[in-house]
Protein chains: 2
Amino acid sequence: MERKVFLDSASTTYVNAEVLQEMLPVFDTVYGNANSLHNFGRAANELLDKARDRVAKAINAKASEIYFTSGGTEANNWAIKGLVYANNLKGNHIITSQIEHDSVLETFKELEHEGFRVTYLPVDKNGIVNLANLMHVLSSNTILVSIMTANNEVGTIQHINAISKTVKEKGILFHTDAVQAFSNLKIDVKELNVDAMTLSSHKIYGPKGIGALYVKRGVKIKNLLIGGSQEFSKRAGTVNVPAAVGFGKAAELAIRDMKATNDKTKNLRDYFIRELKNHITGIHINGHPIQRLPHIANVSFDYIDGESIMLMLDLDGIAVSTGAACSSGDTKESHVLRAMGVPTELIKNTIRFSFTKRTTKEEINYVIEKLEVIVKKLRDISPLTKRIKKER
Amino acid sequence: MERKVFLDSASTTYVNAEVLQEMLPVFDTVYGNANSLHNFGRAANELLDKARDRVAKAINAKASEIYFTSGGTEANNWAIKGLVYANNLKGNHIITSQIEHDSVLETFKELEHEGFRVTYLPVDKNGIVNLANLMHVLSSNTILVSIMTANNEVGTIQHINAISKTVKEKGILFHTDAVQAFSNLKIDVKELNVDAMTLSSHKIYGPKGIGALYVKRGVKIKNLLIGGSQEFSKRAGTVNVPAAVGFGKAAELAIRDMKATNDKTKNLRDYFIRELKNHITGIHINGHPIQRLPHIANVSFDYIDGESIMLMLDLDGIAVSTGAACSSGDTKESHVLRAMGVPTELIKNTIRFSFTKRTTKEEINYVIEKLEVIVKKLRDISPLTKRIKKER
């Protein structure tokens, strides 16, 4: 028997059965181009409207404020460049944090290269952006602040309401990447008073290849993808209707089941951490102890390399990520753990366990059992462990 | 009985059953992030590799030269901006034609706005770019030429080999938008010696939301979407594996069945035009009489508005486009017909009929029958017809 346990839901999720069910007819029955005026087009457009409504409702936005994109990366690229280029007469200072997703950080780096002045805000040891720090750097020259709602590697949730209030009081644009927070946190764009928000489908049991950018009515933003007049003339390209339909359904289910899902994954996650502590010594849980997404446990192991743990867990059919999160193909050091001040020798020793809606206690027991063996084995052969033992 | 006939395949196609079959397990079984190193990720990545191979093979490229995008629009935006920005030390002159897709034209307009000098080459009455014209404008200051392989509104096929040869002899970069040509024409990027080529899935019976950019090995291109290291670090964002799998299969089937499909749709198209001429007077077929995609018939009707024809056909369950093609939501005048010198009074009077793999002769008879009635009805109430009759 080859057992498979997927504990990498922060990287991507399977598509929920109900979601897939709604998508299927859109591939070969209601397959029209949503921009076409004939009945095939109108039928597709009706489904698109419904999907847009569902995504809007999930964050208390108007449907006309939701623009579908090909995913979170496009939405983050677009939000930042689009807001900056459309509002760059005011100044040339932009702000983000050191723990953002690469699609945010790389965009800021490109803008820095173009001549914008960028502040990369530090975070504390729990991954929290300090509000006083932020207030200190805001100036009349600041165009945009972009700070993620919750972090994808360690799960830390920012004081996003307070941040937004501070930024908006100064009349500065505020964008938040809510990809990892969406479906786990109640998000209300009206209450939050955010100008733009990035959402993605494939982290909430919807299909890959679709995301959305919320842009508050009246906020000026330059287009990123240009051509046809799709998405209220804001995002060109034939709309991916089946994926939008799936995303809409996934958003609806996520909101409906949020409490139950969170309770379940949090219980499992906490059980996992307790068991981990009971069975394995020399571990460190990263991220805020309380203010943290319920389905993520980011753990550093003394003396042993995260990649080795990951590869050995994989031999037992268990899928996890090293610290370097979403694009785990990268084996570069985690900039998130670095910014949080995790000691260099521990950064590489880190594994992110992220639980799904269908993870079971029994699976967790299996993982703990395997992990105990693996950690012992790796520590036994680790030159670091040997040195430490010798020194004692 | 509500009858439905789809004659708008140049706008989008249904997903072929075999294609959908290959995609299904990728939604909820092989759902890993293709960038993850564990078994879920590797399984997804294997499917992605296979899909990339299939797309590459369809145009005789190497797999490593194929970069998946969210569709044709992104690929066109990326190709043009990416090639220009990465090679702008050489000069500031760029060339395209007046009949390109909006995602090409809008990108050239944006570059023009940024200070690049743009030549929009004219076409003859059949929609063909004149090679002498092109040679005349090429200079040592020219960075890029982008000319589509075949036009999406009228179906005219360019002398793309001769164009490429001319451009490449001068050491200038050449890009072609092959979205509408792909699956209808044998395309060999090696033979063509093109630097970049845009492809799309949802015009060849594959899913929406996926396309590809071919970039010849060694050609420098700046990234458009930035963040993670996906797609050989050329295009960030979690790869849409199910859609890529569908695209790969659709490409494979398109090449396998090309001759049979072309023969079939060309026969039907030609039958349609013959019948049209037999039953309706005052019609004009646009596009090159011979050098033209087999599944497109672009027809102008004397005295009556294309949009009215389209809407009335729609009442009979028949889906067609007005001249303004892909994003038929636009009712703006066709820039393609304008460039071809179609008289102003006829441009608005145009319908594009584009046939699918499953269009039947019987459907065409039904369309002709309905069209005859509609055209008569519209002409009877047309003030233009009345004026013409009076003048006689």
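So here's what we get for this one:
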| quantity | calculated |
| --- | --- |
| Amide H within-cut-off set for B:Ser200, under 5 Å, with H built and near neighbours excluded | B:Ala212 |
| Cα-based convex hull, segment B:88-181, per residue volume (Å³, whole number) | 84 Å³ |
| Taking segment B:53-196 and dividing mean pair separation by its residue count, relative contact order in percent (alpha carbons under 8 Å, at least six apart) | 25 percent |
| Chain B, relative contact order in percent, only Cα pairs under 8 angstrom and at least six apart counted | 23 percent |
| Theoretical ellipticity at 222 nm over the protein assembly as shown - DSSP helices of four or more residues, -39500 (n - 2.57) apiece, nearest 500 | -13500 deg cm²/dmol |
| Rounded tilt (10° steps) of A:17-28 against the dominant C-alpha axis of chain A | 40 degrees |
| Two-site label geometry, A:Asn60 and A:Leu89: point separation in nm, points 7 Å out along Cα→Cβ | 3.3 nm |
| Segment B:1-46 - accessible surface per residue (Å², probe 1.4 Å) | 38 Å² |
| Taking the convex hull of Cα positions in the protein assembly as shown, its mean projected area over all directions (nm²) | 36.0 nm² |
| With Cα atoms, 0 to 90° folded angle of helix A:361-381 axis to chain A main axis | 60 degrees |
| Angle between chain A longest axis and helix A:160-169 axis [Cα atoms, degrees, rounded to 10] | 40 degrees |
| Efficiency of FRET from Cβ geometry, B:Arg3 and A:Glu110, R₀ 51 Å, rounded to 0.05 | 0.45 |
| Separation in nanometres of the label points that stand 7 Å from Cα toward Cβ, at A:Glu46 and A:Thr281 | 6.7 nm |
| Chain A, rotation onto B, residue closest to that axis via Cβ, with its distance in Å | A:Ser70, 2 |
| Mean Cα-pair separation over length for segment B:158-235, i.e. relative contact order, pairs under 8 Å, 6 or more apart, % | 22 percent |
| Nearest-20 debye value, chain A charge dipole, Cβ charges on Lys, Arg, Asp, Glu | 700 debye |
| Cα shape, segment B:1-150, gyration tensor, a/c 1.5 rule | oblate |
| Computed magnitude of the charge dipole of the protein assembly as shown (debye, nearest 20; Cβ of K, R +1, Cβ of D, E -1) | 440 debye |
| Cβ-vector label at 7 Å, B:Ser139, separations to other copies in nm | 4.2 |
| Chain lengthening between B:Asp380 and B:Leu131 when straightened (0.36 nm per residue, less Cα-Cα) | 85.2 nm |
| Shape of segment A:328-384, Cα gyration tensor, a/c cut at 1.5 | oblate |
| Distances in nm from B:Asp270 to the matching label points in the other copies, shortest first (labels 7 Å along Cα to Cβ) | 7.5 |
| Threshold 50 Å² - residues in segment B:206-229 whose accessible area is reduced by that much or more when the chain is no longer isolated, probe 1.4 Å | B:Lys208, B:Leu225, B:Ile226, B:Gly227 |
| For segment A:102-153 and segment A:239-272, distance of Cα centres in Å | 28 Å |
| Cross-link table A:Lys259/A:Lys361; B:Lys90/B:Lys216; B:Lys277/B:Lys370; A:Lys62/A:Lys234; A:Lys220/B:Lys332, entries beyond 21 Å C-alpha to C-alpha | A:Lys220/B:Lys332 |
| Cα-only Debye scattering, segment B:17-256: base-10 log of I(q)/I(0) at q = 0.16, 0.17 Å⁻¹ | -1.08, -1.20 |
| Rounded percent of accessible protein surface that carbon and sulfur make up, segment A:124-218, 1.4 Å probe | 52 percent |
| Per-copy distances of the A:Lys125 label point, shortest first, in nm (7 angstrom along Cα→Cβ) | 8.2 |
| A:Asp124 versus B:Ser233: modelled label distance in nm, points set 7 Å from Cα along the beta carbon direction | 3.7 nm |
| Size descriptor, Kirkwood hydrodynamic radius, that averages inverse alpha-carbon separations across segment B:190-264, Å | 14.1 Å |
| Summed buried accessible surface, chains B and A, 1.4 Å probe, nearest 100 Å² | 5300 Å² |
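The values are calculated or read from the model by the stated rules, or taken from the named source; none is laboratory data. Everything quoted here is computed from the prediction, not taken from an experiment. A quick note on method: Cβ atoms are made from the backbone with ideal geometry, for glycine too, and the neighbour counts reach across all protein chains shown. Calculation scope for accessible area: heavy atoms of the full protein, side chains included, ligands and nucleic acids excluded. Shrake-Rupley method; radii C 1.70, N 1.55, O 1.52, S 1.80 Å.
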